[in-house]
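Trainee: Right, I'll just put the structure down here and ask away after.
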Amino acid sequence: MTSTPAREDGAHAGETDDEFRARLRAFFTEHHPGRRPERPAERLAWQKRWLAALFDAGYAGPSWPREHGGMGLGFARQVIYHEEHARARVPGPLGTGVGIAAPTIITHGTPAQGERFLRPMLRGDVVWAQGYSEPEAGSDLAALRTTARRDGDEYVVTGQKVWTSSADIADVLFTLVRTGTPEDRHEGISYLVVDANAPGITVRPLRDLTGDANFCEIFFDEVRVPVIDRIGAENGGWPLVRTSLGHERAAGAMTQAARYRRVLDELVALARERGATSDPLVRDRLTDFEARVRIMRYTATRVIADIIATGEPGPASSTSRLFVAAFEQELHEFAVELLGAHGTLGRSDPHAVQRGRWVWGFLRTRASTIGTGTAEMQRNTIAERILGLPRDPVAGSPRPAGGA
């Protein structure tokens, strides 16, 4: 098979959904990048090669507009794409730009910014990382203290960000800074795109429960950022935050639904191998997980439908994110219980079951109800914006006009 671009026009204009699925599956099979390397530098190069091949063949960015290098797929084909992507076990995007920064730039950026930033991001040539959270500004993001002082055609940025995924491999940081006063809260925040290798930036890895360093803290010491690299208006960054966070919660919804479809099948196989499926309590738990993974898929399709219809994920993205966070925690808790004594063995132990993947997943998902907005914040959004309950006066944030 040749690397024919997967557009919904041209040679494939009359293609059925089944034919599209078959073509996509064939491409993933024939061009599969192979086993993931263990060494970080080799793994990064391996993933970049795959992303470039995907982009060059026209199979990257299923929801992205075609003018920015995406596939411009409709609803049904986005679902198919994510299902086949998870089935093939091929690498996803590097960093957090594709799912979070890109929708913000497409919605709020200038045409010149879109032309400059988007295609290299999607192809994997430039890796982006999000710098939002700070030591004193996590769920209460409007309390951020990193400042950007205007100096002619530049901003001078000073402050600290924390829990930044992929900052150690990033070429670009998209970050929130305070261009107004602390009293301005939401009205004094701007959205900047920062060269991750600029003088004055220090990135330090943070090791988590798994033993990995998937997060970093970033220090800005009078870092100079051109004003043309601001997205949106000065002090007008808060609406962009809603776009970013809404898409962050939505971006992984279908991917996670497809991935956990596969993970649950593997957990059922593990239970059978260990002779646990004869226990009615085990079967009850597996049945419950089966129902929930199907609900996860339906919820994800609703979020995608909202984005296609309105351009924004809406508050339903909080429902999806909260549901997935609780599900993946409980699934891995069950897996560790199923392993018994082997559930205490990590990846480095030669006796670990399946190279310790279930134990690693259990440790990693402890943070699921914190990342992308805490579970408490998601519940607040659901209560206020979906159920119509009274607002939480402690949160102190203005009611968003759209997004999440």
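The values are calculated or read from the model by the stated rules, or taken from the named source; none is laboratory data. In this text, all values refer to a predicted model and were calculated from it rather than measured experimentally. We place every Cβ from the backbone using ideal geometry, glycine too, and count neighbours over all the protein chains shown. What goes into the accessible areas is simple: the full protein's heavy atoms, side chains included, and nothing from ligands, DNA or RNA. Shrake-Rupley method; radii C 1.70, N 1.55, O 1.52, S 1.80 Å.
Trainee: I'm trying to understand the selection: among the residues of the stretch 295-344, which are in contact with a Gly (Cβ under 6 Å, 6 or more places away or on another chain) and outside any helix (DSSP H, G or I)?
Mentor: Passing the criteria: 312, 313.
Trainee: Would you point out the residue of the stretch 196-213, among those that are out of contact with any Lys or Arg (no Cβ under 7 Å at 6 or more places or on another chain) and buried (at least 16 other Cβ atoms within 10 Å of the Cβ), that is nearest to residue 157 (Cα to Cα)?
Mentor: If we take residues in the stretch 196-213 being out of contact with any Lys or Arg (no Cβ under 7 Å at 6 or more places or on another chain) and buried (at least 16 other Cβ atoms within 10 Å of the Cβ), then 201 is nearest to residue 157 (Cα to Cα).
Trainee: Assuming residue 120 fulfils every condition listed in (1) surrounded by fewer than 21 Cβ atoms within 10 Å (Cβ to Cβ); (2) assigned to a loop (DSSP other than H, G, I, E, B) apart from one, which condition is it?
Mentor: Status for residue 120: all satisfied but (2).
Trainee: With respect to residue 140, determine if the residue is more than 30 Å from residue 66 (Cβ to Cβ), touching a Pro at 6+ places or on another chain (Cβ under 8 Å) and either of a type outside the set (Gly, Ala, Ser) or at pLDDT 95 or above (or both).
Mentor: No; evaluated as a whole, the condition is false for this residue.
Trainee: Please verify whether residue 158 is touching a helix residue (DSSP H, G or I) at 6+ places or on another chain (Cβ under 8 Å), of a type in the set (Ser, Thr, Tyr) and either without any contact (Cβ under 8 Å) to a residue 12 or more places away in the chain or open to solvent by 50 Å² or more (accessible area, probe 1.4 Å) (or both), treating the condition exactly as stated.
Mentor: no
Trainee: Please enumerate the residues belonging to the stretch 55-77 that are over 15 Å from residue 125 (Cα atoms) and assigned to a helix (DSSP H, G or I).
Mentor: Correct list: 66, 67, 75, 76, 77.
Trainee: Within the group 221, 153, which residue is touching a helix residue (DSSP H, G or I) at 6+ places or on another chain (Cβ under 6 Å) and modelled with pLDDT of 95 or more?
Mentor: 153
Trainee: Quick one: would you say residue 77 is over 23 Å from residue 17 (Cα atoms), over 16 Å from the mean Cα position of the chain (by Cα), open to solvent by 20 Å² or more (accessible area, probe 1.4 Å) and basic (Lys, Arg)?
Mentor: Considered against the rule, which asks whether it is over 23 Å from residue 17 (Cα atoms), over 16 Å from the mean Cα position of the chain (by Cα), open to solvent by 20 Å² or more (accessible area, probe 1.4 Å) and basic (Lys, Arg), residue 77 comes out as no.
Trainee: Which is in contact (Cβ under 8 Å) with a residue 60 or more places away in the chain, under 23 Å from the mean Cα position of the chain (by Cα) and open to solvent by 10 Å² or more (accessible area, probe 1.4 Å), of 125, 171?
Mentor: Just a single option satisfies the conditions, and that option is 125.
Trainee: Considering only the stretch 330-352, state which residues are open to solvent by 10 Å² or more (accessible area, probe 1.4 Å), of a type in the set (A, V, I, L, M) and either closer than 18 Å to residue 210 by Cβ or without any contact (Cβ under 8 Å) to a residue 40 or more places away in the chain (or both).
Mentor: 336, 341, 345, 352
Trainee: Follow-up. From the list 191, 260, exactly one residue is over 30 Å from residue 333 (Cβ atoms) and buried (at least 21 other Cβ atoms within 10 Å of the Cβ). Which is it?
Mentor: Residue meeting the stated conditions: 191.
Trainee: Considering only residues that are among the hydrophobic types (A, V, I, L, M, F, W, C) and either assigned to a helix (DSSP H, G or I) or without any contact (Cβ under 8 Å) to a residue 24 or more places away in the chain (or both), which ones fall in the stretch 213-232? Don't jump to the end; show me each part of the working.
Mentor: Within the stretch 213-232, the subset among the hydrophobic types (A, V, I, L, M, F, W, C) is 213, 215-216, 218-220, 223, 225, 227-228, 231.
Selection gives 227, 228.
Trainee: Next question. Of all residues in the stretch 353-374, how many are of a type outside the set (Phe, Trp, Tyr) and open to solvent by less than 60 Å² (accessible area, probe 1.4 Å)? Working first, answer last.
Mentor: To start, the set of residues in the stretch 353-374 that are of a type outside the set (Phe, Trp, Tyr) comprises 353-357, 359, 361, 363-374.
Then keep just the ones that are open to solvent by less than 60 Å² (accessible area, probe 1.4 Å); that gives 353, 356, 359, 361, 363, 365, 367-369, 371-374.
Number of matching residues: 13.
Trainee: Continuing with this model, one more query. Among residues belonging to the stretch 301-329 that are without any contact (Cβ under 8 Å) to a residue 60 or more places away in the chain and open to solvent by less than 10 Å² (accessible area, probe 1.4 Å), point out the one that is nearest to residue 375 (Cα to Cα).
Mentor: Here the residue is 325.
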